[in-house]
Structure formats: C-alpha cells, structure tokens
Amino acid sequence: MAGDTRDRILAEARTHLLAKGYPAFTVAAVRDRLGLSSGSMFHAFGSKAGLAAAVYVEAMLDYQRAVLDRLGSGDGERDVLAFIAAHLGWVEDRRELARFLFATLPDEVGAIAKPALAQHNQEFFDALRRCYAELPGAGADDGSGFSLAHALCVGPAQEYCRQWVRGGVDTPPRTHTRTFQRAALAALATLSAR
C-alpha cells in the first residue's frame, strides 16, 4: 500500500477514534469516508484493533519525539526541566490525542501496539534513564530506581494533564510549567537523601 494511502487511512482513523472512542469506531466508517475497498483496508491493518493500534503507535511516537528532541544536554537538571515542558506542551497542543493515549487500551489493541512500540519505548526510557542518572540519587538502581525517579518526576504533571484533557480543570497545562518543573526537581532531590 502506498504511503500516502496509509497516511490518509491513519488520519481518518484518528479523526474517528478521537471523536467516537474505540467502542463506536469502525473500519467501515473509515473505508467509506475514503472510498476504499474493504480488502485494501484489511490488507493494510488486519482488523479494527490493528487500525486503532496503528493510530496509538503513531501518537505515542509523536509524543516521544517531542520529548526526545528536548533531551540530551548532558545536564540532568536541564533535561528534567525540558522533559516536563515538552510533556505539558505536547498534551496541551494535542489535547484530543492525549485523551486517547491516556485512555485504557482494549487488550486486543494493546497486544498489537506493544511489539510495534518495544524498540521505541526502550530508546525513550533509556534517554530518560540517562537524564535521571545525572542527578544525585536519582540514577541509583536499587531495583526501583528508574521507576521511582520517573514517577516522582512526571507523576504530578501527568495527573494534572489527565484531569485537564477530561475537563476536570480549566487551566491549560503549560500555564503551570514552572510549578511542575520545580516540583519534579524537588521530588527527585529527595532520592539523594535515601
């Protein structure tokens, strides 16, 4: 399948998924909107779950690129600040897509997306591990080192973003960038006292 047709299918599927959610999403609606045959749709994506997984993977890679483009200074504190700013900015700029990523994936979608994301996730989390390793105490690996550092770093910002995409709070995430950056650094600093 030509890349242009695949891109059109993904764009239309994303539109449908974001508007209707997975339960009401159908491959037929995407097919009909684009005037494609059922065969070409199922040849490219295999199933409703396969098409939804492709949209999920595309969205996650977009998020990861937005963060990775801001990391790599070699200064852990600067990279943490950049990570938080990139996270909040991506969610604010792509609110509906973020809501889709925050939703619990049906098992069949997750099973298809997982192998497609495996290498990308490894690279993404390796970059964050390097970032945290530059900070006193945050890079220690006692079995929970990375997981704890990551939760402390992005947890509050992530929770706020979840509330914002669902309409629970009105103030856009970027408004609180400096607050979440300071909170991340303060929380990560507690790791050096362990």
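Return yes or no: is A157 touching a residue at least 24 places away in the same chain (Cβ under 8 Å), of a type in the set (G, A, S) and under 30 Å from G46 (Cβ atoms)? When the stated conditions are applied, A157 does not pass them.
Taking segment 58-83, which residues are in a helix (DSSP H, G or I) and open to solvent by 20 Å² or more (accessible area, probe 1.4 Å)? Within segment 58-83, E58, M60, L61, D62, Y63, R65, A66, L68, E77, R78, L81 meet the criteria.
Yes or no, residue by residue, for (1) hydrophobic (A, V, I, L, M, F, W, C); (2) touching a residue at least 24 places away in the same chain (Cβ under 8 Å):
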position: E12; (1), (2): no, no
position: H16; (1), (2): no, no
position: A49; (1), (2): yes, yes
position: H120; (1), (2): no, yes
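Condition check ((1) surrounded by 14 or more Cβ atoms within 10 Å (Cβ to Cβ); (2) touching a Ser or Thr at 6+ places or on another chain (Cβ under 8 Å); (3) within 27 Å of V57 (Cβ to Cβ)) across all residues:
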position	(1), (2), (3)
E92	yes, no, yes
R130	yes, no, yes
R166	no, no, yes
L191	yes, no, no
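Out of (1) more than 13 Å from the chain's Cα centre (by Cα); (2) closer than 24 Å to T179 by Cα; (3) surrounded by fewer than 18 Cβ atoms within 10 Å (Cβ to Cβ), the odd one out for D107 is which? Status for D107: all satisfied but (2). If you go through segment 2-13 one residue at a time, do you hit one that is within 29 Å of P172 (Cβ to Cβ), in contact with a helix residue (DSSP H, G or I) (Cβ under 7 Å, 6 or more places away or on another chain) and in a loop (DSSP other than H, G, I, E, B)? No, segment 2-13 contains no residue that is within 29 Å of P172 (Cβ to Cβ), in contact with a helix residue (DSSP H, G or I) (Cβ under 7 Å, 6 or more places away or on another chain) and in a loop (DSSP other than H, G, I, E, B).
Hey, does segment 177-185 have a residue that's closer than 13 Å to F83 by Cβ, of a type in the set (S, T, N, Q), open to solvent by less than 70 Å² (accessible area, probe 1.4 Å) and touching a helix residue (DSSP H, G or I) at 6+ places or on another chain (Cβ under 9 Å)? Checked against the condition, which is being closer than 13 Å to F83 by Cβ, of a type in the set (S, T, N, Q), open to solvent by less than 70 Å² (accessible area, probe 1.4 Å) and touching a helix residue (DSSP H, G or I) at 6+ places or on another chain (Cβ under 9 Å), segment 177-185 yields at least one hit.
The values are calculated or read from the model by the stated rules, or taken from the named source; none is laboratory data. In this text, all values refer to a predicted model and were calculated from it rather than measured experimentally. Note that each Cβ is placed from the backbone with ideal geometry, even for glycine, and that neighbours are counted across all protein chains shown. Heavy atoms of the whole protein, side chains included, go into the accessibility calculation; ligands, DNA and RNA do not. Shrake-Rupley method; radii C 1.70, N 1.55, O 1.52, S 1.80 Å.
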